[in-house]
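Take a look at the structure below.
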């Protein structure tokens, strides 16, 4: 791995007239939403003028999604995240996703009055196919993963929400056994630990989770004492998530259609592999690839997506972190890409990206089984979901 740190500042102000995103106050403002509602933001992963961010109101009792305004055009906003105080949104901005030119991440201000999502500034990601964005728990740092170029990058978030110039830029190295997908590194997510001290990148191309020390005050990244943990050859780790209550991490493997559980040591940041479970039936005949995974807030159930099989795998998590698959249900559309679970653990939303819809499921509180809650809602190429309680 090669590391370049402390890059010189360079902030680009975006033309506000072309990048004002109009959102309804009832969908954005916590003051306006009803007690039984949540605001939902969903990105449309397509070129301008169709690319942008949609807003919805979600009724937490019925599961009904009520559409709101869509943003002004944003080209290929594959992934985005919202600051802990809900005042800012940070989104990928890619004129040509995965092309030769480096892409960008844009800072927006979430403003309940006058109901505008306004561009603050834009910074280069220094990579291509920028596919993951995460704001740290203090709201003072931002991490991005670049898939095609196989690198990760960090930024400080200034007090006004503006992104600094890149602070750390790290290019991964290596390959694995799948010659069509793993001839080079492909960083697919970059997730911060619950204590905000470590950051972990799932690299599909190298079959590794790469581990970093993370300084939230400076946004500086340095290799951790355990620089990486390796998954079974050909796994293709894509996304990872921490258990909300136990010291565990779970990684969904795109190429082998599986989920691997790890013990996580919060003192050292070390990961120890425990077990791997399949997300597909044993007799499956179609080609399929995993994408995303989510855990209920009470830590009892985990869900993963199967694209191709177009299904959601459901797992129970026991007191030792062990996964037991309890069922597989159709995802309600083609190519389930991203998942989100409401804060009360009652509903799961699924973005079926090539299927052009959002499906909503009720989570049974005792069994963890999913049940469709109404008909899927049309959305053009949905790729990322954020629920704002």
Of 292, 344, 318, which residue is under 21 Å from residue 241 (Cα atoms), out of contact with any helix residue (DSSP H, G or I) (no Cβ under 9 Å at 6 or more places or on another chain) and in contact (Cβ under 8 Å) with a residue 60 or more places away in the chain?
344
Scanning the stretch 66-88 for residues that are without any contact (Cβ under 8 Å) to a residue 60 or more places away in the chain and under 19 Å from residue 160 (Cα atoms), which turns out surrounded by the most Cβ atoms within 10 Å (Cβ to Cβ)?
84
Of (1) under 22 Å from residue 304 (Cβ atoms); (2) in a loop (DSSP other than H, G, I, E, B), residue 218 fails just (1)
Residue match in the stretch 232-240 (condition: out of contact with any strand residue (DSSP E or B) (no Cβ under 6 Å at 6 or more places or on another chain), part of a loop (DSSP other than H, G, I, E, B) and modelled with pLDDT under 95):
no
Matching residues, the stretch 62-89, being under 25 Å from residue 371 (Cα atoms), part of a loop (DSSP other than H, G, I, E, B) and touching a strand residue (DSSP E or B) at 6+ places or on another chain (Cβ under 6 Å)
63
Candidate set from the stretch 349-389 (those that are free of Cβ contacts under 8 Å to residues at least 12 places away in the same chain and farther than 29 Å from residue 47 by Cα); member that is farthest from the chain's Cα centre (by Cα):
366
Residue count, the stretch 136-168, condition part of a strand (DSSP E or B) and crowded, with 22+ Cβ neighbours inside 10 Å, comes to 14
Across (1) touching a strand residue (DSSP E or B) at 6+ places or on another chain (Cβ under 6 Å); (2) farther than 20 Å from residue 214 by Cα, residue 246 clears everything bar (1)
Hey, does the stretch 110-130 have a residue that's over 29 Å from residue 202 (Cβ atoms), touching a helix residue (DSSP H, G or I) at 6+ places or on another chain (Cβ under 6 Å) and not in a strand (DSSP E or B)?
yes
Hey, does the stretch 188-206 have a residue that's at positive phi and either within 14 Å of the chain's Cα centre (by Cα) or crowded, with 23+ Cβ neighbours inside 10 Å (or both)?
no
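The values are calculated or read from the model by the stated rules, or taken from the named source; none is laboratory data. Please read these numbers as outputs of a predicted model, since none were measured by experiment. Reconstructed Cβ throughout: ideal geometry from the backbone, glycine too, with neighbour counts over all protein chains shown.
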